[in-house]
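Below: the structure, in structure tokens.
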Amino acid sequence: MKKILVVLTNVTRYQGTEEPTGLWLGEATEFVAEVQKAGLAVDYVSPKGGFVPLDPRSMKYTDASTLALYESEDFQQRALTQSLAPEDIHPEDYVAIYYTGGHGVMWDFPDNVALQQIARTIYQNGGYLTSVCHGIAGLLHIQDTMGNYLIANKSITGFTNTEEFLAGKKSVVPFFNQQVAEAHGAYFKKKRAYKDFAIQDGRIITGQNPFSVHSVAKLLLAALS
């Protein structure tokens, strides 16, 4: 059975504030439901392993499918309570890696060398790098063996500068995903704020915002079929 590695954040609050953040629930559950329905398996990893917090705002955007997966023992145990740590992962087991979002990832995804190595190995083995929304932060700094950014000269998308302004977090986040992506040579594509948009360039598949999860999953499933 083909397996996908789903990456989740351990960050509980916007750094330097008392405001909680964490995983944007639907960005995990909607993707997992889609790929499991197609017969693929998933594992969950986080930078530290163990507990994964939820962004409380994400609970306002649930539906029956999201809640069903959220309430399952498997998701509660393997994703939210006992997520794997990078050292537990064997990259050769996976056909793709998928970076979920939620603002927390802005602090623990970009500079995690162990996760970068996992993603690079999956990619070098012919697998896919995928992300949605703020999850693009996990792809920004990955380099190939020659020191080139993997996103350079690739068309990608993620949470835009405009969406960050509209979310009211422009003065809190440590950087803007769009700006770093462009600085690293990517062709950053976007549609209107908070509209469904996903794009594939080779074996890199990215989605713009929380409403793009299903589109990312469908592109990946089509590529793997």
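Residue-wise test of (1) open to solvent by less than 40 Å² (accessible area, probe 1.4 Å); (2) aliphatic (A, V, I, L, M); (3) in contact with a strand residue (DSSP E or B) (Cβ under 7 Å, 6 or more places away or on another chain); (4) under 17 Å from TRP24 (Cβ atoms).
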position: VAL132; (1), (2), (3), (4): yes, yes, yes, yes
position: GLY138; (1), (2), (3), (4): yes, no, yes, yes
position: THR145; (1), (2), (3), (4): no, no, no, no
position: ILE156; (1), (2), (3), (4): yes, yes, yes, no
position: ASN177; (1), (2), (3), (4): yes, no, no, yes
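Taken together, the criteria exclude VAL213 from residues that are in contact with a helix residue (DSSP H, G or I) (Cβ under 7 Å, 6 or more places away or on another chain), open to solvent by less than 50 Å² (accessible area, probe 1.4 Å) and either basic (Lys, Arg) or modelled with pLDDT under 95 (or both). Among the residues of segment 187-209, not a single one is assigned to a helix (DSSP H, G or I) and at pLDDT 95 or above.
Of all residues in segment 143-159, none satisfies being in contact (Cβ under 8 Å) with a residue 40 or more places away in the chain and in a helix (DSSP H, G or I). Considered as a group, the residues in segment 1-13 that are part of a loop (DSSP other than H, G, I, E, B) and under 11 Å from the mean Cα position of the chain (by Cα) include one that is nearest to ALA96 (Cα to Cα), and that residue is LEU8. Note on segment 134-164: residues that are farther than 19 Å from GLY207 by Cβ and out of contact with any Phe, Trp or Tyr (no Cβ under 8 Å at 6 or more places or on another chain) amount to 7. Scanning segment 93-113 for residues that are surrounded by fewer than 24 Cβ atoms within 10 Å (Cβ to Cβ), in a helix (DSSP H, G or I) and either in contact with a Gly (Cβ under 7 Å, 6 or more places away or on another chain) or free of Cβ contacts under 8 Å to residues at least 40 places away in the same chain (or both) gives a single hit, VAL113.
Starting from residues that are over 17 Å from the mean Cα position of the chain (by Cα) and among the polar types (S, T, N, Q), keep the ones in segment 158-175 and report whichever is least open to solvent (accessible area, probe 1.4 Å). Of everything passing the filter in segment 158-175, ASN161 is least open to solvent (accessible area, probe 1.4 Å).
For every residue, the table says whether it meets (1) assigned to a helix (DSSP H, G or I); (2) open to solvent by 70 Å² or more (accessible area, probe 1.4 Å); (3) at pLDDT 95 or above; (4) under 17 Å from TYR99 (Cα atoms).
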site: GLN15; (1), (2), (3), (4): no, yes, no, no
site: GLU30; (1), (2), (3), (4): yes, no, yes, yes
site: ALA33; (1), (2), (3), (4): yes, no, yes, yes
site: VAL42; (1), (2), (3), (4): no, no, yes, yes
site: PRO47; (1), (2), (3), (4): no, no, yes, yes
site: VAL52; (1), (2), (3), (4): no, no, yes, yes
site: LYS60; (1), (2), (3), (4): yes, yes, no, no
site: SER65; (1), (2), (3), (4): yes, no, no, no
site: ARG78; (1), (2), (3), (4): yes, yes, yes, yes
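The values are calculated or read from the model by the stated rules, or taken from the named source; none is laboratory data. Given the structure is predicted, the values throughout are model-derived calculations rather than measurements. Note: ideal-geometry Cβ built from the backbone for every residue, glycine included; neighbour counts use all protein chains shown. Heavy atoms of the whole protein, side chains included, go into the accessibility calculation; ligands, DNA and RNA do not. Shrake-Rupley method; radii C 1.70, N 1.55, O 1.52, S 1.80 Å.
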